[in-house]
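To start, the structure under review is shown below, and the notes come after it.
The values are calculated or read from the model by the stated rules, or taken from the named source; none is laboratory data. Everything quoted here is computed from the prediction, not taken from an experiment. No Cβ is skipped: glycine too gets one built from the backbone with ideal geometry, and neighbour counts run over all protein chains shown.
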Amino acid sequence: MPTTLPRRLTAAFATVFLAAGCTAGGDSSGGPEADAKQTIEVWHGWSAPHEVKAFEDAVAGFNKAHPNITVKLVKGQTDERITNAIRGGNPPDVVSSFTTDSVGQWCQSGAWQNLAPYIAKSELDLNQFPKAVQQYTQYKGVRCAMPLLADAYGLYYNKKLMKGEQPPKTMGELTALAKKLTVRAPDGTIEVAGFMPSVQYYEHQTQHLAPQFGVTWLTPGGTANFAADPAVTAYLKWNKSLIDWYGYDNVKKFLRSMGQEFESSNPFQKGKVAMAVDGEWRTKFIQEEAPGLDYGTAPAPVSDDRAAAYGGGFLTGTVVGIPRGAEHAQAAWEFVRYLSTDTGALVTFANALGNVPSTIPALSSPQLKLPPQFRTFLDVFKNPNSTTAPPTPNGNDYIVRFQKFVQDEWEPGKVGDLPAALKRLDGEVDGSLKLAGG
């Protein structure tokens, strides 16, 4: 369940459509009772043959428990298609998304139904989900989504390139070790990067690394917090310091030479990067594309002043819900509840896709059959210091803007007055939030 850029862009486009065409509305909780004979239509985004089979296998238990409900699975669906179906008044009964970025918009607009009445009627215990998961499936008290597997981020390290060094726990240790392990050509070209700090390196996006410095993104009132949060400045200074050590031109040259993130040419898998932050799914890719790679995993380092927070990391995941206008909402809830809470289904799915099960009971299942390096991500998922990006009514616009600022202005050295630049960014984000109803 890697959160690749195309999927995130799709989510951003969907947010625009939702803002333009959806208004808050009541739940469509009518339709036949769950025990009536009926067919529900379920849209999901998985499309590769092994992914589709994994989803079908996870659903098999529901089919046995509810023989009166026929489940029609529709693969390869995007947030944009789902949004258009809701706007057109012809949605499926159940929808899922690979990203949590649009949960705030879905909940606020009513495009995805408020699940509180279903949860209360079923007496579902939400404490089976870690705190961060509970946070990324609701917005301002409206829970319109349930989790379906999760992504946790941690540090991957090449044991051969580490030469006996232990994985760093702080950013200071990471920086020192990155410099020690870097190999350069006589002209400064990076042949092996100890660690690549640029936000343009795959999963080293601001959303994944900045929280390790304690960045909070938004104020309690929901406005942008870039200028006032010292953790933002600390993250930026660390990023620029290491980029300057490499030389920005050398960094750009290295980035241009990289292979594809989700192919065997990935530089970590090829021994061109000693340490990298990535999601748990990388264990599956290494297993299939670089089985001979001797590597380890550990929690991502934290800033030196937050050593006590070591062990946590960034969390996100796939979410599932019931769209406004669903014809079989009662049966749809039974399906959503099963898929998001049944330990057997979650473990089956997690084993097949190499993702983190999204309930605490599933995390300790003896049926989990994942490589030993995967343990790190189970621990990160359970760690109370793990965080997620707060939802807003215009999706992850604030993160997209920050990412663009770092990539286009900060890393190339075009920012002369950082406090002023961050205040400008605050204004842009707040203006966008206001237009979205935030």
Select, from L174, L161, L181, the only residue that is of a type in the set (A, V, I, L, M, F, W, C), touching an Asp or Glu at 6+ places or on another chain (Cβ under 9 Å), modelled with pLDDT of 95 or more and not assigned by the TED database to the domain that holds G325.
-> L181
Which residues, counting only those in the range 140-172, are over 23 Å from A307 (Cβ atoms) and crowded, with 23+ Cβ neighbours inside 10 Å?
-> C144, A145, M146, P147, L148, L149, A150, D151
With the checklist (1) surrounded by fewer than 24 Cβ atoms within 10 Å (Cβ to Cβ); (2) modelled with pLDDT of 95 or more in hand, flag the one item P91 doesn't pass.
-> (1)
Please work out if V251 is crowded, with 21+ Cβ neighbours inside 10 Å, in contact (Cβ under 8 Å) with a residue 12 or more places away in the chain and in contact with a Phe, Trp or Tyr (Cβ under 6 Å, 6 or more places away or on another chain).
-> no
How many residues does the range 163-176 hold that are part of a strand (DSSP E or B) and either of a type in the set (D, E) or touching a Phe, Trp or Tyr at 6+ places or on another chain (Cβ under 6 Å) (or both)?
-> 0
Within the range 407-437, of all residues that are outside any helix (DSSP H, G or I) and modelled with pLDDT under 95, the one nearest to L209 (Cα to Cα) is A436
Could you identify the single residue in K160, K179, K121 that is basic (K, R), farther than 30 Å from L242 by Cβ and not in a loop (DSSP other than H, G, I, E, B)?
-> K121
Taking the range 94-118 and keeping only residues that are in contact with a Lys or Arg (Cβ under 9 Å, 6 or more places away or on another chain) and either assigned by the TED database to the domain that holds N396 or part of a loop (DSSP other than H, G, I, E, B) (or both), one is left with F98, T99, D101, G110, A111, Q113, N114, L115
Collect the residues in the range 349-399 that are outside the structural domain of W217 (by the TED database), in a helix (DSSP H, G or I) and among the hydroxyl-bearing types (S, T, Y), keeping them in residue-number order.
-> T376
Considering each residue of the range 397-406, count those that are over 15 Å from L209 (Cβ atoms) and either of a type outside the set (D, E) or more than 25 Å from the chain's Cα centre (by Cα) (or both), and give that number.
-> 4
Enumerate the pairs (first residue in the range 357-379 and surrounded by 14 or more Cβ atoms within 10 Å (Cβ to Cβ); second residue anywhere and of a type in the set (F, W, Y)) with beta-carbon separation below 7 Å, excluding pairs fewer than 6 apart on the same chain, so at least 6 apart or on different chains.
-> S358/F129; T359/F129; L363/F381; Q373/Y295
Selection count where residues are over 21 Å from D79 (Cα atoms) and either in the same structural domain as T297 (by the TED database) or not aliphatic (A, V, I, L, M) (or both), scope the range 321-336 = 2
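For (1) under 24 Å from A116 (Cβ atoms); (2) assigned to a strand (DSSP E or B); (3) not assigned by the TED database to the domain that holds P147, each residue gets a yes or a no:
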residue	(1), (2), (3)
G31	yes, no, yes
G45	no, no, no
H50	no, no, no
A54	no, no, no
D57	no, no, no
A60	no, no, no
T70	no, yes, no
I86	yes, no, no
Has the range 334-341 got at least one residue that is modelled with pLDDT of 95 or more, small (G, A, S), in contact with a Ser or Thr (Cβ under 9 Å, 6 or more places away or on another chain) and crowded, with 17+ Cβ neighbours inside 10 Å?
-> yes
